[in-house]
Structure formats: C-alpha cells, structure tokens
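First comes the structure, then the notes that go with it.
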Amino acid sequence: MTIDETPDNSASERLRRPEPQRTEPTRNFQTYWRQGSAETGQPADAAMPAGNPGSGPRDNVIASGVELGYRVIDEQIKQGQRFAKQFSGAGVTDPLGRGSGGAADFLGRILRSYSDMGALWMDLLRAAASDPMLINSVLNPTRAASGGEARTAKHTREGTVEIQNLYIEIVCPEPTEVAIDFRCPAYTPDLVVLPLHAMDSDKPALKEITLMPGSKNVSPRLRVVIPAGQPPDSYTGTVVDANSGEPQGTLSIRLSQ
Amino acid sequence: MSTRAIADLVPEMLREYGDITRHALKTYIPHRSPYRYLYGPLAEYPNRGGKMMRPSLCIATARTFGAPIEESLQTAVAIELLHNALLIHDDIEDQSEERRGRPTLHLLHGVPLAVNAGDGLSLLSLRPLIDNQTKIGPHLALRILEETEQMARESAEGQAIELGWRWDNVVDLEDRDYLEMVHKKTCWLGSIYPCRVGAIIGTRNDIDLEPFIRFGFFLGAAFQIQDDLLNLVADKRYGKERNGDIFEGKRTLMLIHLLRESTEDERDRLARFLKLPRERRTSNEVSWIRNRMDVYGSIDYTRQITHGLAGAALHEFFLIFTGLPDSRDKQFIEGLITWVFERTT
C-alpha cells in the first residue's frame, strides 16, 4: 500500500475571488481617440476611436462626434491620395507630402538639388558681376595680382601683417547656423587659437581650430571643425602669439540649430 | 507649465507673432494710385486687426521644428493676405454686414470694388511666396507653392459646397456633410495648411505631412463650430451681427440638428424661411429659429460635439509633437486647442 504523503490543504485553505481588474466604470477620455500606427501596429487609415464611450447621453454625443470626425477625415485623406495618384503623371506631387520612392523620386531629388545649386550659382555670379574690382581682376590679371596683394595684406611692422581678408573654412557634419566674430587686427605666422569655451562649463569646448598662415598672394585661412552633437551656444577663446604668449585677439563662434 | 499659464500664453503669442506678421504684411501693400479704389479698400481688413491665428500657427510650427522666425515669415504673410482676400469675397457671397466690428467692405465701397480688392489681395499673396526662394531656397519655396495650390483648391471646393446648399435650399443634411464642408472650407486655410507649411520649413520638407491633416482638421473644425456658436450667443465684442448666420441661412451644425429634431411642420417652416432671399427674412422668424434651437438642445448638442473634436485635436497634437523638445511654441500650439473655447471674439 502506498501512502500519498503530499499534504492536502484543500480543506483548510479558503477559496478567494480574484481581485477585480477595475472597480469603477472606465471613463478614460483617451480611449475615444484614434491610436497612432506606432502604438497599435495597425495602418493609420484603419485607425478609429477605440470605443468605450461611457454610458451617459453626453458621453455618447461626444464619442459619436469624435468617431464621425475620424471617419470624415480618413475618407478625405483617401480622396486626397486618389487625387494625387490621378495627377501623378502630370507633374503634380503627392498632396500628402510623401515621396513616391523609387528611382524616379530619387532622380527628382537629384534634379532639384542641381536646380537649387544652379540658383545659388546665379546669385554668386550676380554678386560677382556687381563688384568692379573683381571684374577688373578678370580683365587685367597682371594688374589685379598686385592690386589684390595690396588689398589682402598691408605690412605694418616687421613680421606683422594687418589682416584685411581671411578665408574661413567650417567643417560641420550636420546643419548648423554658425556666426563668427574674429577680432585680431594684426597677423603673425605664429598665431594660434586657444580652445573656445561656452559660458556653461558643462558644454564641451571647441578645440579643432587652426589659423593657417597666408602668403603674399594668399590670405590667411581660419579652419573651424564643429564636432557632431556640439550643443548650440556662444563659444569664445583667445588668439595668442605662440612665441610670446601675448594675446592678440579673440574669436567667438555662435552655434544655433 | 500649468494649464492656466498655457492659456495666458496663447493671447500673448498671438499678439507677438501677429505684430511681426502685420508689420511685414504692410510692406507688401502698395501705397500708390489707384489708392482710393484699390489699395485703400484692399488694406481695410488687414488694418482692422483679427486674431492672427493662422500666421501664428505657421510660425510656431516652423519654430517648434527648429526654423528661425524669418524663414516662415513670408509664408505667414501670404496666409494672412489670402485669408483677408477670402473674407472680402465671403462677405459678399454671404451678404454679411459686419466684419471685425465695422461694416463689411462691399457695404462701404460697393460690390464691384470690393470684389476687385479681394482679387488684388489674393494676387498680392503670391509675392511673399515668390520671395520665399531667397529666404529658404527655391526647392522649399516651390513645395510651399504646391501646398498653397492644394489649400486654395480645397478652400474653393468647401465654399462652393456651402454656397450650393444655399442655392438649392438643401435641408436634408447630416453632421457628416457639415464636417466634410468645414474640412475643406475652413480647416485647410485655417489650420492644416499653416501647420503643414510650418513643418515643411522647419524640417526642410523631411516629414510625413499626413498627421497634420488630422490635427488641423480637428482643431479647425472645433474652431469653426465654436465660431458658429459665438454667432448665436456672444456679445458685441464678437464683431459680427448676432444671429447673422441664421439671417444668412448658413448650414451650421445647430441648424442641421434642429432640422433633424424638429417636427414636420416646423421643418417645413424652416425650409420656407431658408428659401427666402436674405432681405425678406424677418427678425421674428430668426428669433423663432433661435428659440427652437434652445428647445431642442441644438446649442448644447453642438457644444458637446465641439468638445469631442477638441479632445481629438489634443490627442493628434500629442501624436505629432510629443517627441519634440518642449518650447514656448509647442506650448502655444497645444494651448490653442483650449483657447478655442475661451475666446470671445
């Protein structure tokens, strides 16, 4: 004879009702509204009010109004899409603002980029055409070379050149609005720019700044590298003579997104 | 930020962006001959003020997505110019008598000059859109022109639907018909287009614009229905004649509800009233209709619908804007939804 020694607690343990999931009617307004496709994993055009509009007549009016609103707007969006398809061959873009994708769309984007660049070139040419000195330099290259030198650099004292033209090169991996304020009246070949700091010391400094020497015919060049994710702010640093350690000027850069 | 603070923010920013837009708009209205017959009348409505909700919504949306104000200003000016142009024509078509607290343009200058001033204003609205190319580049400027073409078409369709109902004295309308008409007539210019072009500018056209149709529809519809309600219940500050919509036979949600709920005799009486030309509609009949709206709860019913639509607008707002950094502009757009109910003008 085998005796089951597993204790039988059924007699001693009380049966209990499971805890109810809720203890009052659900009157969550959010349940009226459409859930975005990201939330439900359903296509957006299938989105309708999630229901449970409550029980009072007021709730019913509000809920039916919202439901009707979603029906109307979803139908209107579909009509807009049909209209866009109907005219897609006639050069009309999708009024819902979505690209069609594929090679044609890609080609269209490239063409638009070229047209933008073309407009920019036209602006540059227009600006150049209105500059008599530039026109003169093109027509008379020999005279222009000496004239250009005179405009670019003026010797002030031995080894020091007054900066009149400065090439600025900004390397930035993402779209950023950059404003530069460079105050350094005289240039020597040994100028260096110390790291630029923001007022907020938690923000990283701009360190990759190089001031490249110019020559008789070439203006000095300021190269600024703005790392990805650099927070928008005003960054300021000192321009010093590496030999003497004397401050020669300041450089401020304001970044905004 | 508290709900109260956000509600205070809305009028403040409407003033701020409204002033900026108005200042820029004035540079687009010539001050030369024929001033008396064209540029003077044409400048009347813009000079009378207005809420400036449309241009403010455009600027705020662009800024929420990171664009500086100067990039959206030309588009905001174009929106306001076109809005005022359409108001001139609407007032003629509706035979309205008051606009922004003063007589309508056609009552002051006659219908032919007013029609021409409206045409002139709508054509002037093209100039800032052309100027866009120097501010934001030719590609974005062209995209905004495409959006403008769609908005203008939708608005014209909406206006045609509403005028057609009155022309044919259509009385068997449903709420759905009204919402479809309002979507086209009001929402596109009032809220969908300002948000979409603002987002195009702010994101360099790198965003799915469909959600803005939903958000703009719910916001614009709530705004329009509240406007219709104010026409029946507001005081003199509202700036339009009280019960003017009933005089004009406008198919509002309240009137559609009343036509649906009233007895057959009452419906016949309503249909007879709506068939009359405006000048033959009497104040007594208008008062009777207004009274029937109270009896059948048309006003309360419409208020509830408006609250539902505003709630849906808030939901759609969160779907679009939740991931963006908190800003004054973002709070302004959210605040507009509740401001719809608080405004008195």
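The values are calculated or read from the model by the stated rules, or taken from the named source; none is laboratory data. Computed from a predicted model, the values in this text were never measured in an experiment. Reconstructed Cβ throughout: ideal geometry from the backbone, glycine too, with neighbour counts over all protein chains shown. The accessibility values were calculated without ligands, DNA or RNA, using every heavy atom of the protein model including side chains. Shrake-Rupley method; radii C 1.70, N 1.55, O 1.52, S 1.80 Å.
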(request) Rounded to whole Hz and in sequence order, give me ³J(HN,Hα) for the range B:149-156 from the Karplus expression 6.51 cos²θ - 1.76 cosθ + 1.60, θ = phi - 60°, writing x for Gly and Pro. (result) 4, 5, 4, 5, 5, 4, 5, 5
(request) Normalise the Cα radius of gyration of the range B:39-183 by 2.2 N^0.38 Å (N = residues in it) and let me know the number. (result) 1.16
(request) Just need the relative contact order of chain B here, percent rounded to a whole number, with Cα pairs under 8 Å and 6+ apart. (result) 22 percent
(message) From the phi angles alone, apply the Karplus equation (6.51, -1.76, 1.60; θ = phi - 60°) to the range B:268-283 and give each ³J(HN,Hα) in whole Hz, x where the residue is Gly or Pro.
(response) 4, 5, 4, 5, 5, 4, 5, 7, 5, x, 3, 5, 9, 7, 9, 4
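At a Förster distance of 25 Å, what's the computed FRET efficiency of A:T250 paired with B:E70, Cβ-Cβ distance as r, to 0.05?
0.35
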(request) Specify the residue with the greatest mean-square fluctuation among B:V233, B:V77, B:V182, computed from a Gaussian network of chain B linking alpha-carbon atoms under 10 Å apart. (result) B:V233
(request) Bin width 10 Å, alpha-carbon pairs only: give the P(r) of the range B:137-178 as whole percents, running from 0 to the bin holding the largest distance. (result) 25, 33, 21, 15, 6
(request) Rounded to the nearest Å, what's the spacing between the alpha carbon centres of the range B:6-41 and the range B:135-185? Just the number, please. (result) 24 Å
(message) Going through the cross-link list A:K203/B:K330; B:K51/B:K330; B:K26/B:K135; A:K78/B:K135, which pairs have a Cα-Cα distance over 30 Å in this structure?
(response) A:K78/B:K135
(request) Please average, across the residues of B:303-310, the number of beta carbons from any other chain that are within 10 Å of each residue's own beta carbon, and give a whole number. (result) 6
(request) Whole number in Å², please: accessible area per residue of the range B:257-330, 1.4 Å probe, ligands, DNA and RNA not counted. (result) 50 Å²
(request) Enumerate the amide H contacts of A:G249 below 5 Å, restricted to partners 5 or more residues apart or on another chain; note that Pro and chain-start residues carry no placed amide H. (result) A:V239
(message) Can you give me the orientation-averaged projected area of the convex hull built on the Cα atoms of the range B:171-314, in nm²?
(response) 9.7 nm²
(request) Kindly compute the accessible surface that chains B and A hide from a 1.4 Å probe when together, both sides summed, and give it to the nearest 100 Å². (result) 3000 Å²
(message) At 10 °C and a viscosity of 1.306 mPa s, what translational diffusion coefficient does Stokes-Einstein give for chain B, taking Rh as the Kirkwood radius over Cα pairs? Give it in µm²/s as a whole number.
(response) 77 µm²/s
(request) Excluding A:P232 itself, calculate the net charge of residues whose Cβ lies under 13 Å from the Cβ of A:P232, where each Lys or Arg counts +1 and each Asp or Glu counts -1. (result) -2
(request) Lys and Arg at +1, Asp and Glu at -1: add these up for the other residues within a Cβ distance under 14 Å of B:S56 and post the number. (result) +2
(request) Please give the average number of partner chain Cβ atoms lying within 10 Å of the Cβ of each residue in B:205-214, rounded to a whole number. (result) 5
(request) Mind listing, in residue-number order, the residues in the range B:165-197 that have at least 10 Å² less accessible area with every protein chain present than in their own chain alone (1.4 Å probe)? (result) B:D175, B:R176, B:L179, B:E180, B:H183, B:K184, B:R196
(request) Could you go through the range A:59-71 in sequence order and give the Karplus-derived ³J(HN,Hα) for each residue, using 6.51 cos²θ - 1.76 cosθ + 1.60 with θ = phi - 60°, rounded to whole Hz, and x for Gly and Pro? (result) 4, 5, 5, 4, 5, 5, x, 5, 4, 4, x, 5, 4
